[in-house]
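The values are calculated or read from the model by the stated rules, or taken from the named source; none is laboratory data. The structure displayed is predicted, hence computed values, not measured ones. All Cβ positions, even for glycine, are placed from backbone atoms using ideal geometry, and neighbour counts span all protein chains on display.
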Amino acid sequence: MSSINYQTLSFEYRRCAEQDAVAAATDAARHPVIVVGAGPVGLATAIDLAQQGISVVLVDDDCSLATGSRAICFSKRSLDIFDRLGCGDRMVDKGISWNVGKVFLQDEMVYTFNLLPEAGHHRPAFINLQQYYVEGFLLERAQSLPNIDIRWKSKVVGLQQHGEPGSADAFVTLTVETPEGEYALRGRYVVAADGSRSPIRNMMGLDSKGRVFKDRFLIADVKMEAEFPSERWFWFDPPFHPNQSVLLHRQPDNVWRIDFQLGWDADPALEKTPERVLPRVRALLGPDVKFELEWVSVYTFSCLRMERFRHGNVLFVGDAAHLVSPFGARGANSGFQDAENVAWKLAMVLDGRAPDALLDTYASEREYAADENIRNSTRSTDFITPKSPVSRTFRDAVLKLARKHPFARQLANSGRLSVPAVLRDSALNSADNDGFEGKMVPGASCVDAPVLSNGAPAWLLAQVGNAFTGVIFCGNDGIDAATQRALKALQTGSIPFRVVVVASHGIRHAVHDLEDAIVLEDAEGLAWSRYDATPGTFYLIRPDQHVCARWRTFDATQVDAALKRALCVEGVA
Amino acid sequence: MALITQLNLTQPDDFYEALIDMHRDFDEAQSQAANAQLILLLANHIGDYATLMEAIRYAREGVDQPNPSAAQHAADAPRVAA
């Protein structure tokens, strides 16, 4: 499979039903969701919706995948999402897994960090994988789902919203331009995943505001046999590229990403020429290493955000909504978190299980996350590219101190790598009153743990998500009959609901009335410790694997109220 | 932990002399570099974020409000820990 050249694949334009509906201005089909943009975030959104039973039309103005490696670092959270979307193994099998980063000052290592210092996780902290593979694997997954209609060479050139925003009859008409002319495409909701220059954003007269950084960077992807380990290496002021920074990452297929800081005065056209690039690469690798240039790009960057991610029935995701500098890998990775957030909410609203107001929380939760990503990304950028003489003085002081004094090593900021936002203040959470320790607070995305399923090794996260999930921790005393009846009522209620029993080691009680529950055994005790569980502890988890409430003992009334709150259903006390 | 603004130095005059002496034979850039390193070392020693924010605020006010009586007035005003 990996012999496919995803960069040169081309997809065919096909005529669609709307184009043959003669003068069907009002009769044409109204799709539940139209996703605009078949990049990584648009594809993930479409797959997530389709898996939750929602038919999707996915339109893209082009007919190919990404050119060049582009985004290469995919975080543990993204891998957990890919697992839920049914394509995690392909990504990880092809990708280069890594956990360790090293920071060098000149020729001396001053700081090393391990992003996943503990065992017992299915996925590593990161994989490196060229964006065209990520898009290719997502696309193949999307193509395997019958309820995704992908339309290539279909460019959105017009947008009109109809009806009272928030009402059941509100919808959007897109004017789509194809090789055979324009047609009207109607959908109840539109997800705009059309990238940093978002034509939809421009069409709606909206903008994305923030800071533009005055620095230029050169990406040189080189193909070579090399002995560097699978780690992220970052140099400040290295001897082979004085006064600037350099970042090295390993990619699959013997490709290495080298990212050179050039400064604002560099000429982007000139710096892309082999005459300029080759000597820079040789300075790093030494004169004898044989390599080929695979892809070269000179870029600048900005940290930008739309003020609001929802405008009527149009929801903005990924780079269309927010943009960060590349240091920290917070661009594509935050886009996948947008996708998982918006998908289950759209599915609930379209299935009539939640009011339209639930979609407002997509905007509020992911705007909060975008601020966190922009803050981290801006701090890294200010450290790597100081904006004033005094900022430069302090940056250099940190690096000089870091050689001798441990405290300064933590201040050396070469990028704070993407971790999922904890949606601590989300209106969908229920208050945490029962006294818990650890990281699994309401609003956090669930961490993984190794478990046994029917005695065979399995992973907790694989059993959680796609629907609301109740995880109950079961000790020696088992689960009492009343709780079992209440859990069964949840499983057969109007909201799709899954029950997962995590039994402590050696306890595999028959859970009498819960024949549809998934029973896992916590052989290593890691699920219990990571969730700070005691016998009877119950977690309510959203379809996107975020904790929304937890209790020390199961209480049907409180769980029902928390479920309603997580769906924005009126009448929550 | 509130920032101590009463005298806390064990050898105030010796300290001050040593501070000036740290810059001996430095040009402007070297002095700036030494000051920055000194600030970072001391900040790490203090550690507490709220205390550092208080010090940063006083330093900022001291330059923003060059009138000494106004600065003194601001320093005396009741404060809420940030």
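Checking A:ALA573, A:ALA517, A:ALA562 one by one, the residue that is surrounded by 19 or more Cβ atoms within 10 Å (Cβ to Cβ), under 27 Å from A:ASN341 (Cα atoms) and at pLDDT below 95 is A:ALA517 and no other. Of all residues in region A:56-76, those satisfying the criterion of being surrounded by fewer than 22 Cβ atoms within 10 Å (Cβ to Cβ) and over 26 Å from A:PHE240 (Cα atoms) are A:ASP61, A:ASP62, A:CYS63, A:SER64, A:ALA66, A:THR67.
Is there any pair linking a residue in region A:182-193 that is closer than 12 Å to A:VAL156 by Cα to one that is among the acidic types (Asp, Glu), with Cβ under 8 Å and at least six apart or on different chains, and which? If the second residue must be among the acidic types (Asp, Glu), the pairs left are A:TYR183/A:GLU18; A:ALA184/A:GLU18; A:LEU185/A:GLU18. Residues in region B:36-56 that are part of a helix (DSSP H, G or I) and in contact (Cβ under 8 Å) with a residue 12 or more places away in the chain: B:LEU38, B:ALA50, B:THR51, B:MET53, B:GLU54, B:ALA55.
Spot the failing condition for A:LEU461; the list is (1) of a type in the set (A, V, I, L, M); (2) within 14 Å of another protein chain (Cβ to nearest Cβ); (3) in contact (Cβ under 8 Å) with a residue 60 or more places away in the chain, and only one is missed. For A:LEU461, the failing item is (2).
Restricting attention to region A:395-409 and to residues that are at the interface with chain B (Cβ under 7 Å from one of its Cβ atoms) and more than 12 Å from A:ASP237 (Cβ to Cβ), the residue that is surrounded by the most Cβ atoms within 10 Å (Cβ to Cβ) turns out to be A:VAL398.
Of the residues A:VAL342, A:VAL289, which is of a type in the set (Val, Ile, Thr) and crowded, with 20+ Cβ neighbours inside 10 Å? Lay out the reasoning, then the answer.
Working: A:VAL289 fails: crowded, with 20+ Cβ neighbours inside 10 Å.
Going through A:VAL342, A:VAL289 in turn, the sole match is A:VAL342.
Each residue in region A:226-251 was checked for being among the acidic types (Asp, Glu) and free of Cβ contacts under 8 Å to residues at least 40 places away in the same chain, and 1 pass. Among the residues of region A:100-119, those identified as in contact (Cβ under 8 Å) with a residue 40 or more places away in the chain and either buried (at least 17 other Cβ atoms within 10 Å of the Cβ) or in a strand (DSSP E or B) (or both) are A:VAL100, A:GLY101, A:LYS102, A:VAL103, A:PHE104, A:LEU105, A:GLU108, A:VAL110, A:TYR111, A:LEU115. Kindly indicate whether A:ALA357 is closer than 30 Å to A:SER167 by Cβ, more than 14 Å from chain B (Cβ to nearest Cβ) and in contact with a strand residue (DSSP E or B) (Cβ under 9 Å, 6 or more places away or on another chain). Considered against the rule, which asks whether it is closer than 30 Å to A:SER167 by Cβ, more than 14 Å from chain B (Cβ to nearest Cβ) and in contact with a strand residue (DSSP E or B) (Cβ under 9 Å, 6 or more places away or on another chain), A:ALA357 comes out as no.
Restricting attention to region A:43-85, which residues are among the aromatic types (Phe, Trp, Tyr) and not in a helix (DSSP H, G or I)?
Selection gives A:PHE74 alone.
Each residue in region B:3-19 was checked for being exposed (fewer than 10 other Cβ atoms within 10 Å of the Cβ) and either in contact (Cβ under 8 Å) with a residue 12 or more places away in the chain or not in a loop (DSSP other than H, G, I, E, B) (or both), and 1 pass.
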